[in-house]
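Novice: One structure is given below, represented as C-alpha cells, and several questions about it will come after.
Nothing in this text is a laboratory measurement; each read-out follows from the coordinates by a stated rule. Computed from a predicted structure; not experimentally measured. Positions of Cβ are generated from backbone atoms using ideal geometry, with glycine treated the same way; all protein chains shown enter the neighbour counts.
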Amino acid sequence: MVHGEHNILESRPIHEEVLAAAQRLCRPEDWTFHLIDIVRALPHLNERSVRTHVVSRCCENAPTNHAHKWPYFERIDRGIYEIRPPYRQTVERVPERSAARREEESSALAAIHVAVSESDGWYVAECLEVAVVTQGRTLDETLANLRDALELHLDEEELARAGLPPEPRLVVNYETSALASRCPA
C-alpha cells in the first residue's frame, strides 16, 4: 500500500463484512447461507466475532443481547440463515477456491461449537452446527453426555452436510456470572 493510501477494508465494520460475505455466498433461489461458510469466507476476522455477529448481532430473531443490532438475517434452522428482503443484493461471486485451499480452511475451522449454560442446577449444552442438545448435573457429566449424543447423531453424511471432517474438534463456550455471589455452588 502506498504511504497515505487507505485500504477501505481495514476500517470496514465487521457487520458490513459479514453482510457482504452473506450476499456473495447465499443461495440465490432462497437467499440462505450456512454460518460455517461465512466464518470460512472471513479468515482475516476473529472466528468468534464472526459467529457472534451472524447468530446474534445481525440476526433479527435472536434474543436482544447487544446494544447495537442490525436486522440483516433471520435464523431459519440450526446454522442456516436467510438474508432479509431489504438486504438482498446480488454481489459478484468470488471465484471457486481450489480443493487444496478448501481442505486447508476446513481443517482450520473443523470444530463443532457448543454453548453451555447453567440453570436450576442443570448444565445444558447446545451445538451450533448440528442439531444436538443435552444436559447434565455437572459440567463433566454434560460434556460426557454431549460426546455420547454426538456419537449417536453424527454419521459421515451429517458431518459433510455441516461442513465438518470425520473427526471434528469440540469447542465449548461456557457463560457464567462474573459475580461470586451469583455463581452456582
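Novice: With a sphere of radius 14 Å drawn around the Cβ of V172, what net charge do the other residues whose Cβ falls strictly inside it have (Lys, Arg +1; Asp, Glu -1)?
Specialist: On the way: positive: R48, R51, R147, R169; negative: E118, E126, E129, D140, E141, E175.
Here the charged neighbours net out to -2.
Novice: Could you tally the net charge around C127, taking each other residue with its Cβ under 14 Å from the Cβ of C127, Lys/Arg +1 and Asp/Glu -1? Walk me through the numbers before you get to the answer.
Specialist: Details: positive: R51, R78, R147, R161, R169; negative: D77, E126, E129, D148, E151, E158.
Net local charge, C127 excluded: -1.
Novice: So if R0 is 22 Å, what FRET efficiency would R27 and R78 give, r being the distance between their Cβ atoms, rounded to the nearest 0.05? If you can, show how the numbers build up before the last one.
Specialist: Working: r = 17 Å, r/R0 = 0.76.
Approximately 0.85, to the nearest 0.05.
Novice: Something else about it: Between Y87 and R169, take the C-beta separation as r, use R0 = 45 Å, and let me know the FRET efficiency to the nearest 0.05.
Specialist: 0.90
Novice: While we're looking at this one, here's another question. Taking 10 °C and 1.306 mPa s as the conditions, I'd like the Stokes-Einstein D for the range 110-175 in µm²/s, using the Kirkwood hydrodynamic radius from alpha carbon pairs. Mind dumping the intermediate values first?
Specialist: On the way: Rh = 11.9 Å.
For the chosen part, D equals 133 µm²/s.
Novice: Can you order the peptides 27-39, 74-86 by their average number of other Cβ atoms within 10 Å per residue, highest first?
Specialist: Working: 27-39: 17.5, 74-86: 15.9.
Taking the mean over residues of other Cβ atoms within 10 Å, the ranking is 27-39, 74-86.
Novice: How high is the relative contact order of the range 110-175? Use alpha-carbon pairs under 8 Å, at least six apart in sequence, and give a whole percent.
Specialist: Working: 102 pairs, mean separation 27.0, N = 66.
The normalised contact order for the range 110-175 reaches 41 percent.
Novice: Taking 0.36 nm per residue of sequence separation and subtracting the Cα-Cα distance, how much length would be gained by fully extending the chain between N61 and D148, in nm to one decimal?
Specialist: Details: separation 87, 0.36 × 87 = 31.32 nm, distance 3.05 nm.
Residue separation times 0.36 nm, minus the Cα-Cα distance, leaves 28.3 nm.
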